[in-house]
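Asks: One structure coming up, written as structure tokens, with questions to follow.
No lab work stands behind these numbers, since they all come straight from the coordinates. Note that the structure is a prediction, hence the values are computed from the model and not measured. Cβ placement follows ideal geometry from the backbone for every residue including glycine, while neighbour counts extend to all protein chains displayed.
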């Protein structure tokens, strides 16, 4: 760990080693060499004077990148791609004349960006599937545990702990749909030349358009992609970066919704995120159990959501066939968007797999408010005994306000049931009223909705992706 210079906390604290490797120098420059080998093989197959011996030499050195030579050369020529072309040529003297033949810098730069983003999206997908799996187990386990529902963070009709978790879960399944769409539609730039016209390749193939037309499909097949972009300038459309970061921001927003709910529930002492045996909640207040994982999810997610502005502004500022004001921004916004999302999903996985539920506290809060929630049922029961609905409605309104005053002004327990029992208009005893205070009578179809949602939406996702299950998250700090 370097202590005498700035290092990104995304690397030091938040992102996994797996995601960090995807955006590493090794991954980048090994992919450049993979692309140069693929181009040479295709050009050979299409009839250019390239020998198998040259290609074998390129393959022999595809992974042992001579960084020292490349860095020294870049100081002279101030061009990263040509520096690495030179460095590769030093290792491959027989092949140096055919490296990067007909290509421009974006052949390696942009195609590599697409390959790296696609790999990173697949890692995000694997972790997202695991978050969905862990939340599905939680939702199923607590599908019929009644809890106080809230609208506007004010007590409202009861729901269940599992039903509430299904709301978090549904957001993540929507993200998975979006993510799959983006992954399925990722295309390479291809080999388009300096302004996207493929003029250099048309020259190399002596004007043979049929060979130029075969170039991109052959490249896509070699690299495992469905295809290349039909048209481009020198670069692929920066709209692709917008799509990619937007789907990451969608995941970040879903994670924030879940994490903020958990933070509020932890305040209520109803549900808590994992808290390790020796974990310190506060440097001053030793008793505290702060929801630091959920807070960190919200913090990193805010960064990712705001990061969507970067590719959007970059995309609209590209002049004609290309400008270079995208480069420095892309080097920051794309990797860091992925690294932050990776950290978010690791935290979500850790939290979802270790949530602690306190049924007694949940019951206490629910029972304190349930008499208010039960007033419609009480009113209907009283009508069956001969009461007038309009008169009973007004009486319940008045008695509810009186009970609310007892709770909020006097700090006493909710006495609404006693007030109703003492009013002869209702013809209901306190025992009858208390017997109606079963929370499960007021949660509607909550358990059924969870079961149906898991069966029809979530379980098929889990079944289709069971080979990716089993990811565990290591949380730093």
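Asks: Hey, with R₀ at 45 Å, roughly what FRET efficiency would residue 397 and residue 466 work out to, going by the Cβ-Cβ distance, to 0.05?
Replies: That pair, residue 397 with residue 466, gives E of 0.25.
Asks: Radius of gyration and Dmax for region 10-98's Cα atoms, expressed in Å?
Replies: Spelled out, the Cα radius of gyration and Dmax of region 10-98 are 15.1, 51 Å.
Asks: Next question, about the same structure. Would you mind ranking 189, 264 by Cβ crowding within 10 Å, fewest neighbours first?
Replies: Ranked by crowding around the Cβ, least crowded first: 264, 189.
Asks: Sort 339-349, 238-248 by the packing proxy (mean of other Cβ within 10 Å over each peptide's residues), most packed first.
Replies: 339-349, 238-248
Asks: Further question on the same structure: For the chain, place one equal point scatterer on every Cα, skip the solvent, and apply the Debye formula. What is log10 of I(q)/I(0) at q = 0.09, 0.12, 0.13 Å⁻¹?
Replies: Results for the chain at q = 0.09, 0.12, 0.13 Å⁻¹ read -0.75, -1.07, -1.18.
Asks: Hey, rough spin-label estimate for residue 63 and residue 6, points 7 angstrom out along Cα→Cβ, what's it come to in nanometres?
Replies: 3.5 nm
Asks: Moving on. In whole Å, how far is the Cα centre of region 390-415 from that of region 43-95?
Replies: 82 Å
Asks: Tell me what the chain gives for mean residue ellipticity at 222 nm when only DSSP H runs of n ≥ 4 count, each as -39,500 (n - 2.57), the sum divided by the residue total, rounded to 500 deg cm²/dmol.
Replies: -20000 deg cm²/dmol
Asks: Right, something else. Pop the C-beta distance of residue 445 and residue 289 into the FRET formula with R0 = 35 Å and round what comes out to the nearest 0.05.
Replies: Computed FRET efficiency for residue 445 and residue 289 comes out at 0.55.
Asks: Compute the label zone of residue 44 within region 223-252: residues whose backbone N is under 20 Å from the point 7 Å along Cα-to-Cβ.
Replies: Answer for region 223-252: 223-224.
Asks: Could you tell me the distance between the Cα centroids of region 203-224 and region 145-181, to the nearest Å?
Replies: Using only Cα atoms to place each centre, the spacing works out to 50 Å.
Asks: With N set to the number of residues, divide the alpha-carbon radius of gyration of region 375-436 by 2.2 N^0.38 Å and report two decimals.
Replies: Scaled against compact globular proteins, the figure is 1.08.
Asks: What nm distance separates the two modelled labels at residue 364 and residue 427, each placed 7 Å from Cα along Cα→Cβ?
Replies: 3.9 nm
Asks: Can you give the FRET efficiency to the nearest 0.05 for residue 214 and residue 264, using r as the Cβ-Cβ distance and R₀ = 60 Å?
Replies: E(calc), rounded to 0.05, equals 0.55.
Asks: Quickly rank 352-361, 250-259 as a protection proxy: mean count of other C-beta atoms within 10 Å, highest first.
Replies: 250-259, 352-361
Asks: Figure the gain on full extension for residue 25 and residue 313 (residue separation times 0.36 nm, minus the Cα-Cα span) and round it to one decimal in nm.
Replies: Extending this stretch completely gives an extra 101.1 nm.
Asks: For residue 76 and residue 328 in the same chain, what is the full-extension length gain: residue separation times 0.36 nm, less their Cα-Cα distance, in nm?
Replies: Additional length available on full extension: 88.7 nm.
Asks: Another question, if that's okay. Please give the peptides 96-105, 316-325, 297-306 ranked by average Cβ packing (other Cβ atoms within 10 Å per residue), highest first, as a rough proxy for protection.
Replies: Highest-to-lowest ranking by the protection proxy: 297-306, 96-105, 316-325.
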